[in-house]
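Worksheet for the structure shown next.
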Amino acid sequence: QLKLVESGGGLVQPGGSLTLSCAPSGFTLDYYAIGWFRQAPGKGREAVSCISSRGGSTTNYADSVKGRFTISRDNAQNTVYLQMNNLKPEDTAVYYCAASRNLAGDVCYDSPSPYHYWGQGTQVTVSS
């Protein structure tokens with residue numbers, strides 16, 4: 001079975017930082033594009049960021065997180081990270097990572113449809 005596990009969530013004050021990790025099991029992430037999504041209370045799931053497969057040459061960010069969040073991948077550790085800086089209360093949500101197999105390595109997706117494998121989510125709460 002192909003599984004994804006998110007970790008690194010927690011409670012942080014506004015202006016603080018957290019780094020989320022997405023660690024797949026049962027496969028290596030080299031040929032998978034990875035997306036981060038979040039779902040805030042009372043709202044639908046929204047795309048946060050994504051990174052293309054292989055070298056991660058393509059990255060996308062939602063306008064609301066540009067300049068604050070950074071996505072990266074470490075294929076040697078088989079992990080994708082989402083570094084979140086200057087967190088705001090509006091960032092409070094359950095964060096999910098998802099994987100889509102892609103051999104080309106030049107695209108990633110900001111919609112949920114191409115992602116077939118999802119994690120269970122990790123809670124991020126930004127509050128004073």
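Taking the numbered list (1) at positive phi; (2) modelled with pLDDT under 95 in turn, SER25 passes all entries but (1). Scanning the range 91-113 for residues that are at pLDDT below 95 and either open to solvent by 30 Å² or more (accessible area, probe 1.4 Å) or under 15 Å from GLY10 (Cβ atoms) (or both) turns up ARG101, LEU103, ALA104, ASP106, VAL107, TYR109, ASP110, SER111, PRO112, SER113. For the range 10-17, the criterion of a residue being in contact with a Cys (Cβ under 9 Å, 6 or more places away or on another chain), within 25 Å of ARG68 (Cβ to Cβ) and among the polar types (S, T, N, Q) is satisfied by no position. Test ASN86 against the stated conditions and say whether it is open to solvent by 50 Å² or more (accessible area, probe 1.4 Å) and in a strand (DSSP E or B). In short, no. Looking only at the range 18-57, residues that are under 17 Å from PHE69 (Cα atoms) and more than 15 Å from the chain's Cα centre (by Cα) come to 1 in all. Just one of the numbered conditions (1) outside any loop (DSSP other than H, G, I, E, B); (2) within 18 Å of LEU4 (Cα to Cα) is not true of THR70: (2). Look at (1) basic (Lys, Arg); (2) more than 12 Å from the chain's Cα centre (by Cα); (3) under 26 Å from GLY16 (Cα atoms) and you find that ARG73 fails only one, number (2). Within the range 110-128, the set of residues being among the polar types (S, T, N, Q) and either in a strand (DSSP E or B) or more than 14 Å from the chain's Cα centre (by Cα) (or both) comprises SER113, THR122, GLN123, THR125, SER127, SER128.
Those strands (runs of 3 or more DSSP E) of the range 1-61 in which 2 or more residues are among the small types (Gly, Ala, Ser) and surrounded by fewer than 19 Cβ atoms within 10 Å (Cβ to Cβ) occupy 18-25.
In the set VAL80, VAL107, VAL65, only one residue is assigned to a strand (DSSP E or B) and among the aliphatic types (A, V, I, L, M); that residue is VAL80.
The values are calculated or read from the model by the stated rules, or taken from the named source; none is laboratory data. Since this is a predicted model, take the numbers as computed values, not measurements. Ideal geometry is used to build each Cβ from the backbone, glycine not excepted, and the neighbour counts take in all protein chains shown. We work out accessible area using only protein heavy atoms, side chains counted, and drop any ligands, DNA or RNA first. Shrake-Rupley method; radii C 1.70, N 1.55, O 1.52, S 1.80 Å.
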